[in-house]
Amino acid sequence: MTDHPTTTAVSRATRTLLMCGTVAGPLYIIVVLLQMLTRDGFDISRYPASMLSNGDEGWIQIANFAVSGLLFVAGAVGLHRARGPAGWGGAWGPRLVGVFGAGMIAAACFSADPADGFPPGTPVGSPTSMSTQAMLHLLVSGIAFLALNAACLVFGRQFAAAGRRRWAAFSRMTGAIFVAAWISIFAAQGFRVANVAFALAIALSMAWASLLAAYRLASTRRHRGVALTVV
């Protein structure tokens, strides 16, 4: 018995990992949208999606963080294994996507505090203190967002070097939009438009990561006979 997997087996495993990354973003976005429509008192212009982790139905968002995070980590492994001769973000691009996925898993472990009337029954207004769990949630979320934004820039540079101008522009645009939206929630605290813009920027970034995995998956299907880089 050989100690090394065959090219066919490695290719099949890599494609499965990329499929995980492909569904990660849409899954997270759809589950959040469904909760927005069904959770009493939730308003995305007032509360971040992480607030959905509170209340009797908070387990849904906690599971959403965990499952989507695991899928993003799997997709990152797939991106790393399928880098090929063109680099595909080098070693750091996939790693940064993996850090983002790990941050989502950590966000499932540390929930944001109830605040400003959500869930129903919570006192209206900003809380006077923050729990350790909520501070850890902010920390891991910040690290995850920074990693995802950095991944956009790393892959954008790789796409530009490879002559894939549309993907380079899409990657860089996604990173720029996210940074602008993130800055806006601090510069315009309390403005609902800024909160909605940030939520949309998060959705765009997740969609970008999943489309990246889908794009690489389609490429591997076109070249099934070519050995994949496994590091």
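With the condition kept exactly as written, say whether any residue in the stretch 105-127 is of a type in the set (Ser, Thr, Tyr), at pLDDT below 90 and loosely packed, with under 15 Cβ neighbours inside 10 Å.
Yes - at least one qualifying residue is present in the stretch 105-127.
Looking only at the stretch 20-31, decide whether some residue is closer than 15 Å to residue 94 by Cα and among the hydroxyl-bearing types (Ser, Thr, Tyr). Show your work before the answer.
Narrowing the stretch 20-31 to residues closer than 15 Å to residue 94 by Cα: 20-22, 24.
The next check asks that each one be among the hydroxyl-bearing types (Ser, Thr, Tyr); those that pass are 22.
There is at least one residue in the stretch 20-31 that is closer than 15 Å to residue 94 by Cα and among the hydroxyl-bearing types (Ser, Thr, Tyr).
Go through (1) at pLDDT below 90; (2) outside any helix (DSSP H, G or I) one by one and return the number of the condition residue 130 breaks.
Answer for residue 130: the failing condition is (1).
May I ask you to say which residue of 143, 177 is open to solvent by less than 90 Å² (accessible area, probe 1.4 Å) and touching a residue at least 40 places away in the same chain (Cβ under 8 Å)?
Only one candidate passes the filter, namely 143.
Only one residue in 103, 163, 142, 156 is in a helix (DSSP H, G or I) and farther than 16 Å from residue 202 by Cα. Which one?
Residue meeting the stated conditions: 156.
Can you tell me which residues in the stretch 13-66 are in contact with a strand residue (DSSP E or B) (Cβ under 6 Å, 6 or more places away or on another chain) and open to solvent by 60 Å² or more (accessible area, probe 1.4 Å)?
none
Pull up the stretch 33-58, narrow it to residues that are touching a residue at least 60 places away in the same chain (Cβ under 8 Å) and aliphatic (A, V, I, L, M), then point me to the one that is farthest from residue 78 (Cα to Cα).
Top of the filtered list is 44.
The values are calculated or read from the model by the stated rules, or taken from the named source; none is laboratory data. The structure displayed is predicted, hence computed values, not measured ones. As a convention, Cβ positions derive from the backbone with ideal geometry for all residues, glycine included, and neighbour counts pool all protein chains shown. These area figures cover heavy atoms from the full protein model, side chains too; ligands, DNA and RNA do not enter into them. Shrake-Rupley method; radii C 1.70, N 1.55, O 1.52, S 1.80 Å.
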